[in-house]
1. What is the residue count in segment 195-231 for residues that are assigned to a loop (DSSP other than H, G, I, E, B) and not acidic (Asp, Glu)?
2. Checking the structure you have, find out if any residue of segment 140-161 is of a type outside the set (Asp, Glu), within 18 Å of the chain's Cα centre (by Cα) and either surrounded by fewer than 16 Cβ atoms within 10 Å (Cβ to Cβ) or modelled with pLDDT under 95 (or both).
3. If you check Leu165, Leu186, Leu135, which single one turns out to be in a helix (DSSP H, G or I) and touching a residue at least 12 places away in the same chain (Cβ under 8 Å)?
4. Right, Ala115: of a type outside the set (Ser, Thr, Tyr) and assigned to a strand (DSSP E or B) or not?
5. Check whether at least one residue in segment 62-74 is closer than 28 Å to Gly210 by Cα and within 16 Å of the chain's Cα centre (by Cα), and report yes or no.
6. Looking at Ala13, Ala24, Ala28, which is the one that is of a type in the set (Gly, Ala, Ser), over 21 Å from Leu126 (Cα atoms) and either in a helix (DSSP H, G or I) or within 12 Å of the ligand (Cβ to nearest atom) (or both)?
7. When you look at Leu53, is it crowded, with 19+ Cβ neighbours inside 10 Å and within 10 Å of the ligand (Cβ to nearest atom), yes or no?
8. Please go through segment 1-10 and pick out each residue that is of a type in the set (A, V, I, L, M) and part of a helix (DSSP H, G or I).
Amino acid sequence: MSWYVDFFKRDYARLYSFEPERSAREAAFARNALKLEDGARVLDLCCGRGRHLRGLGAVGVDLDRESLHGLPAACAEMRALPLRNGAVDAVVSMFSSFGYLENDEEDRRVLREIARVLRPRGRLLLDLLNREYALAGFAPSAQRVEEDGTLIVEQRRFDALGSRLSVSFVIVSPSGERTDSPGHSLQLYTLTELARMLEESGLRLDRVFGGYDASDYALESPRMVAVARVT
Ligand SMILES: C[S@@+](CC[C@H](N)C(=O)[O-])C[C@H]1O[C@@H](n2cnc3c(N)ncnc32)[C@H](O)[C@@H]1O
């Protein structure tokens, strides 16, 4: 089974938590970046626990059925969306939800699927970790202590040939109980590669931000937030 099925079901929620204010700010940024009008039909692709759904006024899709209870969302693969052609005005993919798949041809399938469900001139916002930033400050390990005293140790590996970042975790609870998580594995695209992939998938890059503060993208930006439209 693919790593992402297990990881998001089992370990993800223990490793990442988000204040509602942060999620609301991110959703507001995405709405502005996409210039969404009231009533726009928006899909939050890989919506997880749906922390952006309300702020975006979106419906969601995610592979992890358990995270979707009570949400206006469907359990589906990002490569095969349960939507008809041209069904939505915008697609949003937040917090590095693109690049998990087995190879770049599978990632291209996702972009083609996004282009299919978008209406003509519909827009996509893709929020990715900035590869240049991740590599400039690359540290093979890091640790942090959560508010409840949980210790989280990250071990990072970067495959330079494949441009793939893999991160595994050791989680030690306040009572000393240790959990080893194989973690996640993410393809990191340069902006040049991403622009080309978008173009090949029927989408054109419009603008690139460097973070949720709406700054312009630069090498040292933490994020690479691409806004594209159907050509
Ligand atoms: C990093 S989380 C981001 C969730 C949410 N966008 C957020 O910002 O909190 C990535 C999500 O992608 C989902 N996912 C992973 N692979 C998927 C796939 N092949 N198809 C659909 N969803 C997938 C996971 O279940 C997980 O909820």
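The values are calculated or read from the model by the stated rules, or taken from the named source; none is laboratory data. Keep in mind that what you see is a predicted model, and the values were worked out from it rather than measured. Neighbour counts are summed over all protein chains in view; Cβ atoms, including those assigned to glycine, are modelled from backbone coordinates with ideal geometry.
1. The total comes to 13.
2. To start, the set of residues in segment 140-161 that are of a type outside the set (Asp, Glu) comprises 140-145, 149-153, 155-158, 160-161.
Then drop every residue that is not within 18 Å of the chain's Cα centre (by Cα), which leaves none.
Within segment 140-161, none of the residues are of a type outside the set (Asp, Glu), within 18 Å of the chain's Cα centre (by Cα) and either surrounded by fewer than 16 Cβ atoms within 10 Å (Cβ to Cβ) or modelled with pLDDT under 95 (or both).
3. Testing whether each residue is in a helix (DSSP H, G or I) and touching a residue at least 12 places away in the same chain (Cβ under 8 Å) leaves just Leu135.
4. Taking the combined requirement at face value, the residue does not satisfy it.
5. Pass one, segment 62-74, residues closer than 28 Å to Gly210 by Cα: 62-63.
With within 16 Å of the chain's Cα centre (by Cα) added as a condition, the list becomes 62-63.
Yes.
6. Exactly one of Ala13, Ala24, Ala28 is of a type in the set (Gly, Ala, Ser), over 21 Å from Leu126 (Cα atoms) and either in a helix (DSSP H, G or I) or within 12 Å of the ligand (Cβ to nearest atom) (or both), namely Ala13.
7. Yes.
8. If the condition is that a residue be of a type in the set (A, V, I, L, M) and part of a helix (DSSP H, G or I), then Val5 is the only one that fits.
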